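Everything below concerns the one structure shown next.
The values are calculated or read from the model by the stated rules, or taken from the named source; none is laboratory data. Since the model is a prediction, treat every value here as computed from it, not as a measurement. In this analysis, Cβ positions are derived from the backbone assuming ideal geometry, glycine residues included, and neighbour counts consider all displayed protein chains.
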Amino acid sequence: MSQENMVTLTIDGVKVTVPDTMTIMEAAETQLGIRIPRLCYHPDLSIQGSCRVCIVDVKGIPFYQASCAVKVAQGMEVETNNPAIRQARRDIVELLLDNHPRACLTCDRDGNCELQNVAYATGVRERLFAGERKRFPIENTNLAVDRDPEKCILCGRCVRICDEVQGVHNLSQQGRGFHTLVAPAHDACMDDSVCIQCGQCVAACPTAAFTEHDHTEEVWKALADPTKHVVAHTAPAIRATIGEGFGMPLGTPAAGKLVTALRRLGFDRVFDTNFSADLTIIEEANEFMQRFSKNERLPLLTSCSPGWVNFLEKFYPELIPNASTCRSPMAMMSSLLKTYYAEKTGIDPKDIFVVAIMPCTAKKFECNRPELCMPDGTRETDAVLTTRETIWMIKNYGIDLRHLPDGEFDSPLGESSGGADIFGTTGGVMEAALRVAVEKVTGQAPENMEFTEVRAVEGLRERELKVNDELTLRVGVANGLTNAKQLLDAVVKGEKEYHIIEIMACPGGCIGGGGQPYPPEGYRILDKRLLAKRAEALYKIDQGKKVRSSGHNPAILNLYEEYLGEPGGEKAHRLLHTHYAPRLPRGIR
Ligand code: SF4
Ligand code: SF4
Ligand code: SF4
Ligand code: FES
C-alpha cells in the first residue's frame with residue numbers, strides 16, 4: 001500500500017497542502033474549488049489521460065501537463081488558467097469537434113452532452129476546419145445497445161467501465177487515425193459480441209456514441225392505435241429516479257406523478273412491477289426452501305437482473321443449475337398481463353400492448369428471449385422504455401412531472417409491499433427474501449423487518465445471518481460484475497459456501513442501471529453519493545408501507561387463490577419460471 005505524505009504546492013498563486021497521492025486536478029478541485037474541464041477522466045475508473053482537455057501549466061516543465069494524470073509534488077507551481085492555456089484547451093476541443101458530425105440538433109444527447117458542455121465552457125464558438133473527418137456507419141439494429149462511432153471522441157470511458165466495473169472486456173480501441181474506433185473484438189456488432197447488454201457504456205459515454213436501442217416509436221404507435229389496449233408497468237427503481245429528469249431533488253420518490261403522466265400519455269392501465277417483485281420473492285423463497293431441505297443446487301443465485309443472467313450464460317455456464325428459475329419481475333408481470341389479466345378483462349392478448357418501464361437496457365434484450373414470448377412468437381413484453389426514454393416521452397408530450405397530482409396504480413396488479421420497493425437497490429432482493437424466508441423457517445414474521453446487514457451501496461458483501469438456534473444463513477451480495485466474479489470464482493473453486501447470492505449487474509443495483517437518467521450537475525455515474533440518495537428514496541417508501549413483507553401482500557395471496565394455485569405449482573411454474581442455456585460467444589474470465 002502506498003504511504004501518503006503531505007506536500008505543499010502552489011496552484012494559481014495559492015499555497016495548498018495535500019497528500020502526495022492526489023492529482024493536480026483533485027488538489028485544485030478539493031482545495032480551491034477550481035473545476036478544471038475534463039472529458040476522459042472519471043474518478044472511479046483508471047486514468048487514461050487521452051483527451052488532454054484538462055491541461056495545466058507546471059513551472060519548469062516545457063509542455064502542458066494533463067492534470068488528471070499528474071500527481072502533485074512538493075514545491076510544484078501550477079497555473080490552471082491563463083490566456084495561453086485557455087487558447088490551447090479551446091484548440092483541443094475544436095479539433096475534437098472538427099472530427100465530429102454536425103448533428104447536435106438531432107442528437108439523443110442534445111442538451112445533455114458532456115462534449116457540448118466542454119465546448120461551451122472552453123469558449124468554442126465556431127468550427128474552424130472543414131476538412132476530412134472520420135466516417136463510420138451507425139449500428140442501430142441491436143436489441144439493447146446501439147453504436148454511432150462517428151460521435152466517439154475516443155475517451156475510453158466505455159472501455160474502462162466494461163473492463164474494470166463489469167469484467168466483460170468487450171470493447172477496445174481499434175485502427176489508426178481517422179479509422180480509429182471503439183468496438184467489440186473484430187468490429188463485431190454488439191449483439192454478436194460477449195456484451196451482456198448492461199448499458200454501463202451508455203451511461204459512461206460523454207456523447208451519444210453509445211445509446212439504448214430506441215423503443216419510443218413503437219410505443220407512440222401503439223398509443224395512437226385505437227385497437228390496442230396499452231398497458232404500462234413500472235419497475236421499483238424508476239420511482240426513485242424519474243424526478244431527476246424534471247429537476248426534482250435527488251432521491252425524491254415520484255411514483256404517483258409518474259402514474260398520472262403515463263395516463264395523460266394515453267396508457268389505458270398503469271400497473272406496478274413491484275407487484276410481480278413480491279411474486280418473485282414468494283416463488284424464490286419457495287424454491288430456496290425446497291433446495292435447502294434437499295441440500296441441492298446451493299447457493300441459489302438470484303435471477304432478476306437480465307444483465308447478470310446474460311453474464312451467467314456467457315461467463316459461468318457451469319453455474320446455470322444454481323440460478324433461480326424465477327423470471328424477472330418484468331417477465332412475470334408481462335406474462336400475467338397476457339394471461340390472467342387478458343382472461344379477467346376478456347381482451348384478446350394480441351390486442352394488449354405491454355410497455356415495461358425499466359432502469360435497464362438489458363431488459364430490451366430480455367424481452368426478445370424466445371422463452372419469454374407467446375406461443376405465436378410475439379413478445380409478452382412488447383416494448384421496454386428506459387427511464388431516459390420515458391422522461392423524453394413525457395417531455396415530448398409537454399408535461400412537467402413536477403406539477404402533476406399523484407395518481408394511484410391500477411388494481412389488481414398495482415399493490416405491493418415495502419419489500420418490493422427495495423428491489424431497486426443492491427441488497428434489496430436479499431432483504432425482501434429474508435423477510436419471507438425467516439417467517440417460513442421460524443413460523444413468525446421477523447420482529448425487525450430491516451436487515452440492515454445486507455444494505456450499503458458497496459459492491460460486495462458477505463454476511464452470516466442467524467435465523468434461529470439451528471440455522472445461520474450465509475449470504476453474498478454483489479453489484480457490478482467484477483465484484484460478482486469474486487463470489488462466483490470462490491463458489492466454482494469450492495473455496496466458499498453460501499446459501500443465497502444476490503447479483504445485480506449494475507453498480508448499486510437498478511438505481512445505477514444503464515437506462516437511468518444521466519446524473520445531474522455535480523454528480524457522475526458510479527457516484528456513491530448519487531446511489532445513496534436514490535437508495536434512500538426506496539427505503540423511505542418501504543418504511544411508509546403498511547405491508548413490509550411480500551408474503552403479506554393481500555393482492556398476491558388473492559392471485560394464488562384465484563388463479564395460480566400453489567407457489568411453485570404447475571401453473572405458477574408455467575407462467576412465472578423460465579430456463580437458461582449457455583450462450584455464445586463465451587466470455588473469458
Ligand atoms: S453494454 Fe455492458 S457489457 Fe456491453 S459493452 Fe457496454 S458495458 Fe460492456
Ligand atoms: S464510445 Fe463514448 S465512452 Fe467510449 S470512447 Fe467513445 S466517446 Fe468515450
Ligand atoms: S441491475 Fe437493474 S439496471 Fe442493471 S441490468 Fe439488472 S435490472 Fe438492469
Ligand atoms: S481529462 Fe485529463 S486527459 Fe482527459
Next item on the list: Using the structure shown, decide if CYS195 is in contact with a strand residue (DSSP E or B) (Cβ under 9 Å, 6 or more places away or on another chain), within 16 Å of ligand 3 (Cβ to nearest atom) and either farther than 20 Å from VAL145 by Cα or outside the structural domain of TRP308 (by TED's automatic domain parsing) (or both).
Entry: yes
Next item on the list: Determine which single condition ALA224 fails, assuming it passes every other condition in (1) in the same structural domain as PHE271 (by TED's automatic domain parsing); (2) touching a Lys or Arg at 6+ places or on another chain (Cβ under 9 Å); (3) of a type in the set (Gly, Ala, Ser).
Entry: (2)
Item checked: Filter result (surrounded by fewer than 22 Cβ atoms within 10 Å (Cβ to Cβ) and outside any helix (DSSP H, G or I)) within the stretch 268-298 -> ASP268, ARG269, ASN295, GLU296, ARG297, LEU298
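Here is a list: ILE399, ILE422. Which entry is under 24 Å from the mean Cα position of the chain (by Cα) and in the same structural domain as LYS257 (by TED's automatic domain parsing)?
ILE422
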Next item on the list: Taking VAL436 as the residue in question, decide whether it is surrounded by 14 or more Cβ atoms within 10 Å (Cβ to Cβ) and within 22 Å of GLN543 (Cα to Cα).
Entry: yes
Notebook entry, point to check: Can you pull out the residues in the stretch 83-97 that are under 17 Å from ARG35 (Cα atoms) and under 32 Å from the mean Cα position of the chain (by Cα)?
Noted result: VAL93
Notebook entry, point to check: Filter the stretch 51-63 for residues that are surrounded by fewer than 18 Cβ atoms within 10 Å (Cβ to Cβ) and more than 15 Å from THR10 (Cβ to Cβ); which is farthest from ligand 1 (Cβ to nearest atom)?
Noted result: PRO62
Item checked: Hits in the stretch 395-433 (condition: part of a loop (DSSP other than H, G, I, E, B), crowded, with 24+ Cβ neighbours inside 10 Å and not hydrophobic (A, V, I, L, M, F, W, C)) -> SER416, SER417, THR425, THR426, GLY427
Notebook entry, point to check: Filtering the stretch 214-246 down to residues that are of a type outside the set (Ser, Thr, Tyr), surrounded by fewer than 21 Cβ atoms within 10 Å (Cβ to Cβ) and farther than 16 Å from LEU265 by Cα, which residue is farthest from ligand 3 (Cβ to nearest atom)?
Noted result: PHE246
Margin query: Step by step: first the residues of the stretch 236-282, then only those that are of a type in the set (D, E, K, R) and in contact with a His (Cβ under 8 Å, 6 or more places away or on another chain), then the one that is nearest to THR425 (Cα to Cα). Which residue is that?
Written below: ASP272
Notebook entry, point to check: In the stretch 1-41, what residues are over 25 Å from VAL118 (Cβ atoms), in contact (Cβ under 8 Å) with a residue 60 or more places away in the chain and not hydroxyl-bearing (Ser, Thr, Tyr)?
Noted result: VAL7, LEU9
Notebook entry, point to check: Is one or more of the residues making up the stretch 531-541 touching a Ser or Thr at 6+ places or on another chain (Cβ under 7 Å) and not hydrophobic (A, V, I, L, M, F, W, C)?
Noted result: yes
